[in-house]
Amino acid sequence: MIKNALITGVTGQDGAYLAKLLLEKGYRVSGLVARRSSDTRWRLRELGIESELTYLDGDLADASSIQRAVIKAKPDEVYNLGAQSFVGSSWDQPITTGIVDGLGVTHLLEAIRQFSPHTRFYQASTSEMFGLIQAERQDENTPFYPRSPYGVAKLYGHWITVNYRESFGLHASSGILFNHESPLRGIEFVTRKVTDAVARIKLGKQRELRLGNIDAKRDWGFAGDYVEAMWLMLQQQKPDDYVVATGVTTTVREMCRIAFEHVELNYQDHVIIDPAFFRPAEVDVLLGNPGKAERVLGWSPKTSLESLIHMMLDADLRRVAKE
Ligand code: NAP
Ligand code: F7E
């Protein structure tokens, strides 16, 4: 039996990698695409899968479009990856972030409850829910303390997923994913901002790189590894919540050093600290404990931060050279 999957956020970093993984596993994949005035399918083209998907118009803020998408796609599995996902922008657009990242989850869960209760559901939860950390290594039992409108909205999405599982018996799971990156990462996120800038500096197209708090620490993994964990969660008999992380935390400063050194440059010669990139409230450090995902799902990360940054920087060097 061929399985049907519906992915929201299919044009994003994770959506593209997940769509590729599911196609390789023989799924029929539908992607929810929000109306935009410019082309958003470049990641799907990059992975060579653009023509293999069915596209459904819809916006997580619009309950009726979500209902129609669920009815049309007849999904065995729904992966809710759509979101306003940039933490920095969530202070500028707190209401949109709340509607899309928070209420949008209820729109999907309601559509599933009413029209397709057998459908298995994955919610893209986040380590940003831990925010001001309450334990040195964060796992599924660590209390949450979000520090941004994004973290707050995602916490609502997380708990409504738990609530629909407990209230209506839906097969709804939540992946609490720590930062994951790739050559398909949006340019506004710090790893990609750094690899893009290093490529430009190396090729003589830029001189400096302006950053905010480079003492912040993150647990960074490779998006290609993390979408495997999403799929594994929906293959379990019982729905549950899982932390997905590498178990290693590194400063932005050290990540910069790795990137600049890869092209024989010194980050201290180019990085400028700019208050414009500091946040109203910072998440100083995140460090995940992926023990449960390892034990129950048999999942573990395969890519070190160093090889991840090298992979991203090599891709940016090739792209910038062609510009
Ligand atoms: P991303 O690259 O920013 O992709 C976000 C996707 O959501 C895009 O396809 C975007 O569509 C879509 N979207 C935005 N607003 C929408 C709306 N109103 N209705 C429908 N779709 C909408 O994010 P990502 O890195 O792939 O992350 C995927 C999910 O995991 C997100 O929910 C994110 O919050 C969560 N997450 C990410 C990380 C991480 O480190 N990457 C960690 C934990 C959790 P357009 O292309 O049209 O803008
Ligand atoms: O920031 C610091 C910044 O924007 C990482 C999203 O995918 O992961 C992501 O959220 C750190 C922060 O990611 C700059 O202050 C310093 O401490 O790459 P980022 P994020 O905020 O951790 C989580 C898990 C998600 O769920 C989100 O969707 O780097 N930093 N200087 C900077 N960050 C940016 N963007 N730009 C700077 O210039």
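The values are calculated or read from the model by the stated rules, or taken from the named source; none is laboratory data. No experiment lies behind these values; they were computed from the predicted model shown. Backbone-built Cβ (ideal geometry, glycine too); neighbour counts: all protein chains shown. Ligands, DNA and RNA are stripped out before the accessible areas are found, and what is left, the full protein with its side chains, is counted by its heavy atoms. Shrake-Rupley method; radii C 1.70, N 1.55, O 1.52, S 1.80 Å.
With all protein chains in place and a 1.4 Å probe, the accessible surface of the stretch 150-307 carries 49 percent carbon and sulfur.
Could you do me a favour and compute the accessible area per residue for the chain, 1.4 Å probe, result in Å²?
I get 44 Å² per residue for this part.
Each residue of the stretch 179-195 was assigned a 3J(HN,Hα) from its phi angle through the Karplus curve 6.51 cos²θ - 1.76 cosθ + 1.60 (θ = phi - 60°); the sequence is 3, 9, 10, 4, x, 8, 5, x, 5, 7, 7, 5, 4, 6, 4, 6, 5 Hz, with glycine and proline shown as x. The listed residues Arg45, Arg165 rank as Arg45, Arg165 when sorted by accessible area, largest first, using a 1.4 Å probe. For the stretch 100-161, a Kirkwood hydrodynamic radius built from all Cα pairs, placed in the Stokes-Einstein relation at 25 °C and 0.890 mPa s, yields a translational diffusion coefficient of 197 µm²/s. Might you work out the accessible area of Thr11 for me, using a 1.4 Å probe with all protein chains in place, and round it to the nearest 10 Å²? Estimated to the nearest 10 Å², Thr11 gives 30 Å². Rolling a 1.4 Å probe over the protein heavy atoms leaves His118 with an accessible area of roughly 120 Å². Here the 3J(HN,Hα) profile of the stretch 8-13, calculated from phi with Karplus coefficients 6.51, -1.76 and 1.60 at θ = phi - 60°, is 8, x, 5, 8, x, 4 Hz, Gly and Pro shown as x.
Normalising the average separation of contacting C-alpha pairs (under 8 angstrom, six or more residues apart) by the number of residues puts the relative contact order of the stretch 234-323 at 43 percent. Once all protein chains are placed together, Arg41 keeps about 70 Å² accessible to a 1.4 angstrom probe.
Using a cutoff of 8 angstrom between alpha carbon atoms and counting only pairs six or more residues apart, the relative contact order for the stretch 1-134 works out to 27 percent.
Remark on Val33: its backbone amide H falls under 5 Å from those of Leu56, Asp57, Gly58, a criterion applied only to residues 5 or more positions apart or on other chains, H modelled at 1.01 Å from N.
Using the Cβ-Cβ distance between Glu254 and Glu294 with R0 = 30 Å, the FRET efficiency computed as 1/(1 + (r/R0)^6) comes to roughly 0.75.
Evaluating 6.51 cos²θ - 1.76 cosθ + 1.60 at θ = phi - 60° for every residue in the stretch 157-171, the Karplus couplings come out as x, 5, 6, 5, 5, 4, 5, 5, 5, 7, 7, 10, x, 5, 7 Hz, glycine and proline recorded as x. For the stretch 116-196, the normalised intensity computed at q = 0.17, 0.24 Å⁻¹ comes to -0.79, -1.11 (log10 of I(q)/I(0), Debye sum over alpha carbons, equal scatterers, no solvent). Structural descriptor for the chain: relative contact order 17 percent, calculated from alpha carbon pairs under 8 angstrom and at least 6 residues apart. As a fraction of the 1.4 Å probe accessible area of the stretch 36-105, surface on carbon and sulfur atoms comes out at 48 percent. Cross-link pairs exceeding 26 Å in C-alpha to C-alpha distance, out of Lys20/Lys74; Lys25/Lys74; Lys193/Lys292; Lys154/Lys205; Lys20/Lys205, comprise Lys193/Lys292; Lys154/Lys205; Lys20/Lys205. Per-residue ellipticity at 222 nm computed for the chain from its helices equals -11500 deg cm²/dmol, with DSSP H segments shorter than 4 residues left out and the rest contributing -39,500 (n - 2.57).
Using 0.36 nm per residue of separation minus the Cα-Cα distance, give me the extension gain between Asp284 and His310 in nm, one decimal.
On the way: separation 26, 0.36 × 26 = 9.36 nm, distance 2.45 nm.
Result: 6.9 nm gained on full extension.
Dividing the convex hull volume of the alpha-carbon atoms in the stretch 189-323 by its residue count gives 120 Å³ per residue.
Each DSSP beta bridge with both residues in the chain is either parallel or antiparallel, and the antiparallel ones are about 5%. Rounded to the nearest 0.05, the FRET efficiency derived from the C-beta distance between Ile273 and Asp57 at R0 = 41 Å is 0.45. Distances between every pair of Cα atoms in the chain, grouped in 20 Å steps from 0 to the bin holding the largest one, split as 33, 59, 8 percent.
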